[in-house]
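**Student:** Have a look at this one.
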Amino acid sequence: PRNKPPQRETNGLHDEPTLVSNVETFAWVPAIMLRGGRWYAETGINGCKGSRLFSVSGDVRRPGVYEVPGGTPIRTLVHDLCGGTTRPLKAFAPSGPSGGFLPARIPVASLPRGWEQRAPAELVGGGDTIDLLDIQLDLQRFRDLGLALGAGIVVYDDSRDIAAAALNCSQFFRDESCGKCVPCRIGSEKITGIAARLVGGTLSAADLVAERVLVEELTRAMEMTSICGLGMVAAKPLQSALQFFPDDVHRHLRAADAKGAMR
């Protein structure tokens, strides 16, 4: 990990331009060289370009790796290809733990200003929330909504405890941190400590208010100052759990406080 800029595209190995891409990108190169870039672009649908591979795991009947055209609605991937969930959908991790957790219905208030001008028409005008399953699997469509999209997707049904899942993901990022930069090394440890105290039932409702503020501050600081992508996303699981899944969070508060918070 190193501070950027410069980026690898201009100053990479031996200070020369260097592009490091993933296996999926390399796998497409022969077909694109033989058939052309327009052919690849036209495999997309709903105004999107290209196709993508998604590894889907979690609470679906048929987990696996699926190739779908860019612009495919999440509903098609989860229900038609993966066989749906046995219980109601609760959460969706669109980039594994690094993208945090999204609820089945996303509050419009959490989306960036001006998202309506950039989003497809079917997402606009649906009230205070938008249906997660209506969002199209396209990197730019997710970015327009202020969201992240990766290749690994995890689906959670309503039997899952998202607060506990956030602790698990936070521990993963803490353990995987190389420790080179202070924001990630210290921040990931603090985030994990907060999640552990929450799930361990040691936080009161008043404690939660203060810890929520700290988590937001740590999230911003780590996004802005971490050297690599791991530190930039390490706080996202807990931050999104606090933002979108209050019932799961309040369930872990000390007994008397949890009853008051739920009321």
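The values are calculated or read from the model by the stated rules, or taken from the named source; none is laboratory data. As the structure is a prediction and not an experimental result, all values here were calculated from the model. FYI the Cβ positions are ideal-geometry reconstructions off the backbone, even for glycines, and counts take in every protein chain you see. Side chains included, ligands, DNA and RNA excluded: accessible areas come from the protein's heavy atoms. Shrake-Rupley method; radii C 1.70, N 1.55, O 1.52, S 1.80 Å.
**Student:** What dipole magnitude, in Debye to the nearest 20, does the chain give about its Cα centre under +1 on Lys/Arg Cβ and -1 on Asp/Glu Cβ?
**Tutor:** 180
**Student:** With every protein chain left in place and a probe of 1.4 Å, what is the accessible surface of Y156, to the nearest 10 Å²?
**Tutor:** 40
**Student:** If we count every other residue with Cβ under 13 angstrom of D59's Cβ, Lys/Arg +1 and Asp/Glu -1, where does the sum land?
**Tutor:** +2
**Student:** Taking all pairs of distinct Cα atoms, average 1/r, flip it, and tell me the Kirkwood hydrodynamic radius of the range 18-144 in Å to one decimal place.
**Tutor:** This gives a value of 16.0 Å.
**Student:** Would you rank E216, E67 by solvent-accessible area, highest first, keeping every protein chain in place and using a 1.4 Å probe?
**Tutor:** In descending accessible area the options line up as E67, E216.
**Student:** Quick one: accessible surface of C184, probe radius 1.4 Å, all protein chains present, in square angstrom to the nearest 10.
**Tutor:** 10
**Student:** What are the lysines whose alpha-carbon lies under 20 Å from the alpha-carbon of K190, with same-chain residues fewer than 8 places away excluded?
**Tutor:** Straight-distance partners of K190: K180, K236.
**Student:** How do H252, H79, H14 rank by accessible surface area computed with a 1.4 Å probe, from largest to smallest? Provide the component values of the computation, followed by the final result.
**Tutor:** Values: H252 30, H79 80, H14 155 Å².
Of H252, H79, H14, the descending order of accessible area is H14, H79, H252.
**Student:** Does the range 158-216 come out rounded, prolate or oblate, given a ≥ b ≥ c as the square roots of the eigenvalues of its C-alpha gyration tensor, rounded meaning a/c under 1.5 and, failing that, prolate meaning a/b above b/c? Could the numbers behind the result be given before it?
**Tutor:** Values: a/c = 2.60, a/b = 1.37, b/c = 1.89.
It is oblate, given that a/c is not under 1.5 and a/b is not larger than b/c.
**Student:** Counting only C-alpha contacts under 8 Å and six or more residues apart, can you give the relative contact order of the range 1-123 as a whole percent?
**Tutor:** 12
**Student:** Which whole DSSP H helices in the chain pass both tests: a Cα extent of 27 Å or more along the axis and a mean Kyte-Doolittle value no lower than 0.5?
**Tutor:** Length and hydropathy pass: none found.
**Student:** Considering every Cα-Cα pair within the range 86-221, what fraction, in whole percent, is farther apart than 26 Å? Let's see the in-between values first.
**Tutor:** On the way: 2975 of 9180 pairs.
Of the Cα pairs, 32 percent sit more than 26 Å apart.
**Student:** Rank these by accessible area, largest first, 1.4 Å probe: S21, S188.
**Tutor:** The residues order as S21, S188, largest area first.
**Student:** Taking the convex hull of the Cα atoms, report for the range 25-81 its projected area averaged over all directions, in nm².
**Tutor:** Details: hull surface 16.9 nm².
Answer in nm², one decimal: 4.2.
**Student:** Here is a further query. Pull up the DSSP beta bridges for the chain and report the antiparallel fraction as a percent, rounded to 5. Kindly include the intermediate steps, with their values, before the conclusion.
**Tutor:** Working: 16 of 22 bridges.
If I count the DSSP bridges inside the chain, around 75 percent turn out antiparallel.
**Student:** Right, something else. Averaging sequence separations of C-alpha pairs under 8 Å and six or more residues apart, then dividing by the length of the chain, give the relative contact order as a whole percent.
**Tutor:** Relative contact order for the chain comes out at 18 percent.
**Student:** Over the residues of the chain, compute the C-alpha Rg and express it relative to 2.2 N^0.38 Å.
**Tutor:** Details: Rg = 19.8 Å, N = 263, 2.2 N^0.38 = 18.3 Å.
Dividing the Cα radius of gyration by 2.2 N^0.38 Å gives 1.09.
**Student:** Out of T76, T86, T219, any idea which swings most in a Gaussian network model of the chain, alpha carbons joined below 10 Å?
**Tutor:** For the chain, modelled as a Gaussian network with Cα springs under 10 Å, the answer is T86.
**Student:** Which one, D248, D80, D131, has the greatest fluctuation when you compute a Gaussian network model over the chain with C-alpha springs under 10 angstrom?
**Tutor:** Its mean-square fluctuation being the largest, the pick is D80.
**Student:** Within 14 Å, Cβ to Cβ, of P6, how many net charges do the neighbouring residues add up to if Lys/Arg are +1 and Asp/Glu are -1?
**Tutor:** 0
**Student:** Further question on the same structure: Taking the Cα centre of the range 131-263 as origin, work out the dipole magnitude from +1 charges on Lys and Arg Cβ and -1 charges on Asp and Glu Cβ, in debye rounded to 20. It would help to have the intermediate numbers written out before the result.
**Tutor:** Numbers: 15 positive and 18 negative charges, 90 e Å.
Charge dipole, the range 131-263, about its Cα centre: 440 debye, nearest 20.
**Student:** Could you name the aspartates and glutamates in cross-link range of K90, using Cα to Cα under 16 Å and dropping any fewer than eight places away on the same chain?
**Tutor:** D59, D131, D134, D157, D158, D161, D247, D248
**Student:** Follow-up question, since we're still on this one. For V29, tell me the accessible area in Å² from a 1.4 Å probe, rounded to the nearest 10.
**Tutor:** Surface open to solvent at V29 totals about 60 Å².
**Student:** Hey, in the GNM for the chain with a 10 angstrom Cα cutoff, which one of G58, G125, G71 fluctuates hardest?
**Tutor:** G125
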